[in-house]
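Only one structure is covered here, and it is reproduced in the block below.
The values are calculated or read from the model by the stated rules, or taken from the named source; none is laboratory data. Computed from a prediction, not measured in an experiment: that's the story for all the values here. Cβ placement follows ideal geometry from the backbone for every residue including glycine, while neighbour counts extend to all protein chains displayed.
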Amino acid sequence: MTEAIEGYIFYEIAALLVLAAGVGFVGLLLRQPLIVSFIAVGILAGPSVLDIAQSDEQIDLLAELGIALLLFLVGLKLDFNLVRTLGPVALVTGLGQVLFTTVFGYLIAVGMGLDPLTALYVAIALTFSSTIIIVKLLSDKREIDALHGRIALGFLIVQDVVVVVAMIALSAIGVGGAAEGDGAVADVLRVLGYGLAMLAFVVVFIRYVADPLVERLSRAPELLVSFAIGWAALLAAVGHYLGFGKELGGLLAGVSLASTPFREAIAARLASLRDFLLLFFFIALGASLDLSVLGASVGPAIVLSLFVLIGNPLIVLAIMGAMGYRKRTGFLAGLTVAQISEFSLIFMAMGVSIGHVADEALGLVTLVGLVTIAASTYMITYSHQLYRVFEPVLGVFERRGSTARAEDRIAPARGHDVILFGLGRYGLGIAAALRDEGKRILGVDFSPEAVRHARAQGFDVVFGDATDPEFLAHLPLARAEWLVMAVPEHDTGLTHDDPRHALLRAARDLGYGGRIAAAAHREATAAALTAQRADLVLMPYRDAAFAAARMIAGEAEAPDHVIEDPDGQKELPA
């Protein structure tokens, strides 16, 4: 009998995986994130449609492992240095958006007839944006390091911190709700004490154990992955046992390893496993939705979805405009918060388990998630086209005469012979050689580290995004003899969104009459740049080989200076 049951469970899981692959493929064709496809799989597999997902205990176990691993990876990636690097914009924008969405979301929810506690849960759930989706979309567009991309990552980290605080508060409320009177207070204090003790343990672990332990484990990559999974599960289990939740335990496990130099390797190896396990969370979520009940939630879900899709980007745009950022940067950054996240669903599920909200509220937020994630994916994908459509009416969000970040974004008054985009080793090598020839160089990069390093070497540098036409318009183009693009070439070659393509088009549109040089690694890319009216195509490997041959033949001398890269290694210029 046991073997028959186990066989049936295997058949069930196999059917769910095949269904997930098929629905995921359809979602891929529609350019939708996997979250949307996975929830759709849950609905299809649930009792309202195919009734495949019946092994609730096994699916819930895999779902809980997925949540613990997700929180572990969030803790592993918490980069407070990015928030500090971006200054107040990440903190002010992140907290401002959370406050705005909570207050107005609560008022809207109450206005639609929800009770105050449920309205508060729904409002808080609407504040969280999906870091996973946004990073994926911005990475696909190669805008993760653009100015608006870095700002978006900054306030997403602020949101992640708010998630942690909200879950801590929810765990404490849940513990307090399990008892009455003095017992409730005692339980809350007990859990708080356990939490502080566990936090102290994590601090000691980071200080004395994490680096040597992970370095030793890294000699066997498979063991490192097993350790990471076991560590996340262990601290999640401890957190659940002590009363403050496996979610926070998993998060602390990630934070405990975030300072090690191997965190990126761990995160990369666990990303696929996280996606696999989260499939079962969304299957369990979708299977629990009663389609007959959801029909009554369609109207409220549409109202709340429009609030998230329109209200969240507008508040980000308004805050960044007040801080002096241009309307384009604010608009592109604002679009990234036009959806709710997987944490919104986890947060509501915690509320259901505590008994604060009903399943209908979870279904409502799930519908909002489906609508906003699906719509915002297209909004972010076609963000530049949307900006061109709405640009005429966005002027109200831009503060005229702004001096925000003037030290980084406004070029020095004197003219420059060459404006060079990209301050990596190759770009700095070109800059150093041109400076030796007496040329005045203005460097441009969207990496604060690259800007800081180039300034330390005595170059005039501004922080900016080469794909932003408004930023280019503020550069001293009229006096420059050359614009040089020394940015790396992506595997996809020259595309419409490539910085070199954007620069070539924008510079000509702005009436620049000088010459433009751009770097390429492949012949096809070089031909495409030439077709885009680049005056000179630089091919680093070919050019370096030609220069080396001349030095070997005695027709030229080797350079007598070196360029120090940001990592402190000395390199001859390429």
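Structure summary
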{"item": "Residue match in region 216-239 (condition: among the aromatic types (Phe, Trp, Tyr), more than 28 Å from the chain's Cα centre (by Cα), modelled with pLDDT of 80 or more and more than 16 Å from VAL164 (Cβ to Cβ))", "result": "no"}
{"item": "Residues satisfying the stated conditions in region 207-240, i.e. surrounded by fewer than 17 Cβ atoms within 10 Å (Cβ to Cβ) and either farther than 18 Å from LEU69 by Cβ or not assigned by TED's automatic domain parsing to the domain that holds SER353 (or both)", "result": "ARG207, TYR208, VAL209, ASP211, PRO212, LEU213, GLU215, ARG216, SER218, ARG219, ALA220"}
{"item": "Single unsatisfied condition, LEU420 versus (1) touching a helix residue (DSSP H, G or I) at 6+ places or on another chain (Cβ under 6 Å); (2) of a type outside the set (Lys, Arg); (3) at pLDDT 85 or above; (4) part of a loop (DSSP other than H, G, I, E, B)", "result": "(4)"}
{"item": "Residue list for region 249-277, filter: under 19 Å from PHE343 (Cα atoms) and surrounded by fewer than 24 Cβ atoms within 10 Å (Cβ to Cβ)", "result": "VAL255, ALA267, LEU270, ALA271, SER272, LEU273, ARG274, ASP275, PHE276, LEU277"}
{"item": "Unique match (being over 30 Å from ALA284 (Cβ atoms), part of a helix (DSSP H, G or I) and of a type outside the set (Asp, Glu)) among GLY321, GLY363", "result": "GLY321"}
{"item": "Answer residue from region 105-154, given it is closer than 27 Å to VAL89 by Cβ and hydroxyl-bearing (Ser, Thr, Tyr) and is modelled with the highest pLDDT among those", "result": "TYR106"}
{"item": "Residue in region 113-124 that is nearest to the chain's Cα centre (by Cα), counting only those that are surrounded by 16 or more Cβ atoms within 10 Å (Cβ to Cβ) and in contact (Cβ under 8 Å) with a residue 40 or more places away in the chain", "result": "ILE124"}
{"item": "Positions within region 508-536 being at pLDDT below 75 and small (Gly, Ala, Ser), in sequence order", "result": "GLY511"}
{"item": "Residues of region 96-112 satisfying the condition of being out of contact with any Ser or Thr (no Cβ under 9 Å at 6 or more places or on another chain) and buried (at least 17 other Cβ atoms within 10 Å of the Cβ)", "result": "GLY96, TYR106, ILE108"}
{"item": "Among the candidates ASP497, ASP560, residue that is surrounded by 14 or more Cβ atoms within 10 Å (Cβ to Cβ) and either modelled with pLDDT under 70 or in contact with a Ser or Thr (Cβ under 8 Å, 6 or more places away or on another chain) (or both)", "result": "ASP497"}
{"item": "Options LEU434, LEU386, LEU428, LEU394; residue that is surrounded by fewer than 18 Cβ atoms within 10 Å (Cβ to Cβ), modelled with pLDDT of 85 or more, more than 16 Å from LEU475 (Cα to Cα) and more than 24 Å from the chain's Cα centre (by Cα)", "result": "LEU434"}
{"item": "Pick from region 37-61, criterion of a type in the set (S, T, N, Q) and at pLDDT 80 or above, ranking: nearest to VAL18 (Cα to Cα)", "result": "SER37"}
